[in-house]
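The values are calculated or read from the model by the stated rules, or taken from the named source; none is laboratory data. Values in this document were obtained by computation on a predicted structure and should not be read as measured data. Note that each Cβ is placed from the backbone with ideal geometry, even for glycine, and that neighbours are counted across all protein chains shown. Areas reflect the complete protein model, heavy atoms only, side chains present, ligands, DNA and RNA absent. Shrake-Rupley method; radii C 1.70, N 1.55, O 1.52, S 1.80 Å.
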Amino acid sequence: METIKLSNGVEMPLLGYGVFLVSPQECERCVTDALNVGYRLIDTAQAYYNEEGVGEAIKKSGIARDELFLTTKVWIANAGEEKAARSIDESLRKLQTDYIDLLLIHQAYGDVFGSWRAMEKAYRDGKVRAIGVSNFQAARFFDFSHYVDVKPMVNQLQCNVMIQQTGIEPLLNDCGTRMMAWGPLGGQGIDGIVKNEILGAIGEKYGKSAAQVALRWLTQRGIVAIPKSSHKERMAQNFNIFDFKLTDDEMAQIATMNEHDAGTINFTDPQFVKYLIETYG
Ligand SMILES: NC(=O)c1ccc[n+]([C@@H]2O[C@H](COP(=O)([O-])OP(=O)(O)OC[C@H]3O[C@@H](n4cnc5c(N)ncnc54)[C@H](OP(=O)(O)O)[C@@H]3O)[C@@H](O)[C@H]2O)c1
């Protein structure tokens, strides 16, 4: 597995397996399948209610802990120094591990500076190997990263061939922050990427599917991709992207597919913010 190096020197796999909308009951089976396919990075979150399933699967796998890379995220309801600190211990317990490889603030709402202080402490205490944020769009990312001591090592954003996140890249680079792509195949129920004709035609040349081309394009940009599938054969397909390389022309051709550079969610829309905070805050 190819890796990237985070700003603190921690090596992170370029490809992982995400478990958003994987039910608690199904999660252990899915993560077990993903580990058998070869994934070593697993992306979960407190808000997915399936950290226990991830923990069970990694415990039963017998894979050495230092070969795995576990990501989880502090949810809005746990924002603030004390609550975040408690939630980190709860995540460790559910994941049945002594440390989390990468801990992210899931959404940029509530007392995120308080959460960050708890995360910095967990980082210094060795409970967490790297810390970062998620869904911090450009202005919010700049504001936040400017005022914190330990700069975010990762920003996990909605990113794929149609949502390319090129606008935020210079800000991330200035901060030494790496991008991690959620929804790398377009998310749940969207066929626009996995059935895309341009990607399909490029893939034919290499004997690859549109989905594989989409994931290859991200990872070839140096962006960590974490596709989700409940089907083992698709997990295997999505994993099998390191035996071909897109040409510069193909990379440029796919770059023309950009439709919503900063994502399809407007995180500053008052209705959206009201909904999230009133529902989960
Ligand atoms: N930070 C955040 O706010 C945030 C938000 C969303 C997601 N995430 C993370 O990012 C991960 C991935 O994002 P996502 O789950 O939203 O979307 P995704 O990985 O882009 O797409 C998942 C969808 O694609 C289907 N699929 C997977 N592989 C396929 C293939 N080879 N061919 C055809 N269809 C395929 C899956 O169906 P089947 O399962 O039926 O195969 C599922 O419906 C999540 O699991 C989560 O870990 C983070």
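Worth pointing out:
Let's see how each residue does on (1) open to solvent by 40 Å² or more (accessible area, probe 1.4 Å); (2) free of Cβ contacts under 8 Å to residues at least 12 places away in the same chain; (3) touching a His at 6+ places or on another chain (Cβ under 9 Å):
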{"site": "His106", "(1), (2), (3)": "no, no, no"}
{"site": "Arg117", "(1), (2), (3)": "yes, no, no"}
{"site": "Val133", "(1), (2), (3)": "no, no, yes"}
{"site": "Phe136", "(1), (2), (3)": "no, no, no"}
{"site": "Phe144", "(1), (2), (3)": "no, no, no"}
{"site": "Gln156", "(1), (2), (3)": "no, no, yes"}
{"site": "Gln165", "(1), (2), (3)": "no, no, no"}
{"site": "Pro170", "(1), (2), (3)": "yes, yes, no"}
{"site": "Asp174", "(1), (2), (3)": "yes, yes, no"}
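- Test: Lys228 is over 17 Å from Cys159 (Cβ atoms) and modelled with pLDDT of 95 or more: no
- Residue check, Ala236 under 16 Å from the mean Cα position of the chain (by Cα) and near the ligand (Cβ under 10 Å from one of its atoms): no
- Residue match in segment 60-70 (condition: of a type in the set (Phe, Trp, Tyr) and surrounded by fewer than 18 Cβ atoms within 10 Å (Cβ to Cβ)): no
- Restricted to helices (runs of 4 or more DSSP H) entirely inside segment 200-281, those with at least 3 residues that are small (Gly, Ala, Ser) are 210-220.
- When the criteria are applied in full, Glu278 meets the requirement of being of a type in the set (Asp, Glu), open to solvent by 80 Å² or more (accessible area, probe 1.4 Å) and either within 15 Å of the ligand (Cβ to nearest atom) or closer than 23 Å to Ala47 by Cβ (or both).
- Leading residue by the ranking (farthest from the chain's Cα centre (by Cα)) among those in segment 72-86 that are outside any helix (DSSP H, G or I) and without any contact (Cβ under 8 Å) to a residue 60 or more places away in the chain: Gly80
- Checked against the criteria, Lys195 does not count as closer than 14 Å to Leu15 by Cα, basic (Lys, Arg) and near the ligand (Cβ under 10 Å from one of its atoms).
- Residue check, Lys121 surrounded by fewer than 22 Cβ atoms within 10 Å (Cβ to Cβ) and over 21 Å from Asp43 (Cβ atoms): yes
- Filter result for Lys94 (surrounded by fewer than 21 Cβ atoms within 10 Å (Cβ to Cβ), farther than 20 Å from Met1 by Cβ and away from the ligand (no atom under 16 Å from the Cβ)): no
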